[in-house]
Amino acid sequence: MKIMTFNLRFENDFDGENGWDHRKDLVTRLIANHRPCLLGTQEGTTGQLRYLQNNLAGYELLAPDRIWEEDCQYCSIFYRPELLRSLSGGEFWLSETPDVHRSTGWDSAYPRMMSYGFFEQSATGRKFCVAVTHLDNVGAEARRQQARIIREWFESYDCPKILMGDFNDGPFSEVHATLTGGGLIDTWQALSRIEDQNGSTYHKFKGVPQFFRMDWILVTPDFSVADARIIHDHDPRGRYPSDHFPYMSQLAWNH
């Protein structure tokens with residue numbers, strides 16, 4: 001299974017030539033070229049997600065019971081129904097009041113959420129859980145608490161699991177340790193990839209990696225990692241689909 005996490009960069013009028021209208025076709029083209037069976041997106045606003053729904057052939061959006069607001073940024077799951085059967089799904093907010101729409105907690109600068117789904121792989125009948133999230137970019141305590149909430153939620157389910165998203169922290173952080181200490185394996189590290197700035201997925205629309213590797217795909221030991229790559233696709237003019245590079249892992253069942 002090919003799994004992709006992709007921070008879309010929200011629809012921002014101040015992005016100028018990098019605004020959504022100038023790059024939305026690049027986003028759909030990139031996804032269509034790489035064809036992950038599961039796609040987890042971050043920062044998608046209602047308009048952006050509707051565009052993907054209408055222009056990503058062969059994909060469906062899993063967002064049951066979502067409260068849609070035009071200015072809200074969502075973590076979302078897209079999947080290919082010819083490969084996967086959706087069993088159920090939902091979402092909650094990473095705060096002390098997870099059922100309260102757009103709630104915040106601790107020192108979080110923005111409302112942060114996790115979207116999840118339970119799937120059955122058509123070819124094997126294997127069932128598993130996948131979740132996509134986006135931790136806060138400002139509050140260190142918020143990130144620690146958000147990671148704790150995610151770990152506790154995952155530990156309440158006895159099934160193979162995949163967690164992906166933008167964690168706004170590095171691979172040597174307490175956030176990473178909290179999640180991998182809960183039994184998840186970092187797909188990048190599973191292949192003994194070097195941890196340096198070249199592995200960063202954030203690039204400010206410039207194509208030059210910045211800071212540290214903050215976009216991860218983590219899996220339980222039910223999966224082996226056949227490949228993992230950061231996707232640097234761009235158009236001939238040097239325009240990139242987002243200010244983050246998408247990250248994709250190729251997974252196989254261990255048993």
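The values are calculated or read from the model by the stated rules, or taken from the named source; none is laboratory data. What you see is a predicted model, and the numbers here were worked out from it, not measured in a lab. A quick note on method: Cβ atoms are made from the backbone with ideal geometry, for glycine too, and the neighbour counts reach across all protein chains shown.
When PHE119, PHE167, PHE128, PHE154 are checked against the criterion of being in contact with a helix residue (DSSP H, G or I) (Cβ under 8 Å, 6 or more places away or on another chain) and among the aromatic types (Phe, Trp, Tyr), a single residue qualifies: PHE167.
Quick one: how many residues across the stretch 221-232 are in a loop (DSSP other than H, G, I, E, B) and loosely packed, with under 15 Cβ neighbours inside 10 Å? Outline the logic, then answer.
Taking the stretch 221-232 and keeping what is in a loop (DSSP other than H, G, I, E, B), we get 221-222, 231-232.
From the residues that got through so far, the ones that are loosely packed, with under 15 Cβ neighbours inside 10 Å too are 221, 232.
Within the stretch 221-232, residues that are in a loop (DSSP other than H, G, I, E, B) and loosely packed, with under 15 Cβ neighbours inside 10 Å number 2.
Scanning the stretch 10-53 for residues that are over 26 Å from PRO236 (Cβ atoms), surrounded by fewer than 18 Cβ atoms within 10 Å (Cβ to Cβ) and of a type in the set (S, T, N, Q) yields THR46, GLN53. For the residues THR41, THR28, the requirement of being of a type outside the set (A, V, I, L, M, F, W, C), out of contact with any Asp or Glu (no Cβ under 7 Å at 6 or more places or on another chain), closer than 29 Å to ALA226 by Cβ and assigned to a helix (DSSP H, G or I) singles out THR28.
Can ARG144 be described as closer than 14 Å to THR220 by Cβ, modelled with pLDDT of 95 or more, assigned to a helix (DSSP H, G or I) and out of contact with any strand residue (DSSP E or B) (no Cβ under 9 Å at 6 or more places or on another chain)? Show your work before the answer.
On the way: closer than 14 Å to THR220 by Cβ: no; modelled with pLDDT of 95 or more: yes; assigned to a helix (DSSP H, G or I): yes; out of contact with any strand residue (DSSP E or B) (no Cβ under 9 Å at 6 or more places or on another chain): yes.
No; evaluated as a whole, the condition is false for this residue.
Out of SER115, SER88, SER103, which single residue is surrounded by fewer than 21 Cβ atoms within 10 Å (Cβ to Cβ), in contact with a Phe, Trp or Tyr (Cβ under 8 Å, 6 or more places away or on another chain) and assigned to a strand (DSSP E or B)?
Values: SER115 fails: surrounded by fewer than 21 Cβ atoms within 10 Å (Cβ to Cβ); SER103 fails: assigned to a strand (DSSP E or B).
Residue meeting the stated conditions: SER88.
Remark: pairs (first residue in the stretch 203-216, closer than 17 Å to ASN18 by Cβ; second residue part of a strand (DSSP E or B) and polar (S, T, N, Q); Cβ separation under 9 Å; 6+ apart in sequence or on different chains) = HIS203/GLN210; LYS204/GLN210. Only residues that are over 24 Å from CYS129 (Cα atoms) and not in a loop (DSSP other than H, G, I, E, B) were counted in the stretch 199-220, giving 3. Among the residues of the stretch 71-85, are any of a type in the set (Asp, Glu), surrounded by fewer than 22 Cβ atoms within 10 Å (Cβ to Cβ), over 30 Å from ALA32 (Cβ atoms) and more than 19 Å from the chain's Cα centre (by Cα)? No. Could we say that GLY238 is surrounded by fewer than 16 Cβ atoms within 10 Å (Cβ to Cβ), at pLDDT below 95, assigned to a loop (DSSP other than H, G, I, E, B) and out of contact with any strand residue (DSSP E or B) (no Cβ under 8 Å at 6 or more places or on another chain) here? Answer is yes for this residue.
Residues of the stretch 173-198 that are at negative phi, under 19 Å from the mean Cα position of the chain (by Cα) and in a loop (DSSP other than H, G, I, E, B): SER173, GLY182, LEU184.
Which of the residues belonging to the stretch 217-229 are of a type outside the set (D, E, K, R) and out of contact with any helix residue (DSSP H, G or I) (no Cβ under 7 Å at 6 or more places or on another chain)? Reasoning before the result, please.
Residues of the stretch 217-229 that are of a type outside the set (D, E, K, R), as a first pass: 217-221, 223-226, 228.
Within the stretch 217-229, THR220, PRO221, PHE223, SER224, ALA226 meet the criteria.
Screening SER108, SER115 for residues that are more than 17 Å from THR178 (Cβ to Cβ), in contact (Cβ under 8 Å) with a residue 12 or more places away in the chain and not aromatic (Phe, Trp, Tyr) leaves exactly one candidate, SER115. Can you confirm whether the stretch 136-154 contains a residue that is surrounded by fewer than 17 Cβ atoms within 10 Å (Cβ to Cβ), in contact (Cβ under 8 Å) with a residue 12 or more places away in the chain and of a type in the set (S, T, N, Q)? There is at least one residue in the stretch 136-154 that is surrounded by fewer than 17 Cβ atoms within 10 Å (Cβ to Cβ), in contact (Cβ under 8 Å) with a residue 12 or more places away in the chain and of a type in the set (S, T, N, Q).
For beta carbons closer than 7 Å, sequence separation of 6+ or different chains, a first residue in the stretch 12-40 that is under 29 Å from LEU83 (Cα atoms) and a second that is surrounded by fewer than 16 Cβ atoms within 10 Å (Cβ to Cβ) and of a type in the set (Lys, Arg), the qualifying pairs are ARG23/ARG239; LEU26/ARG239.
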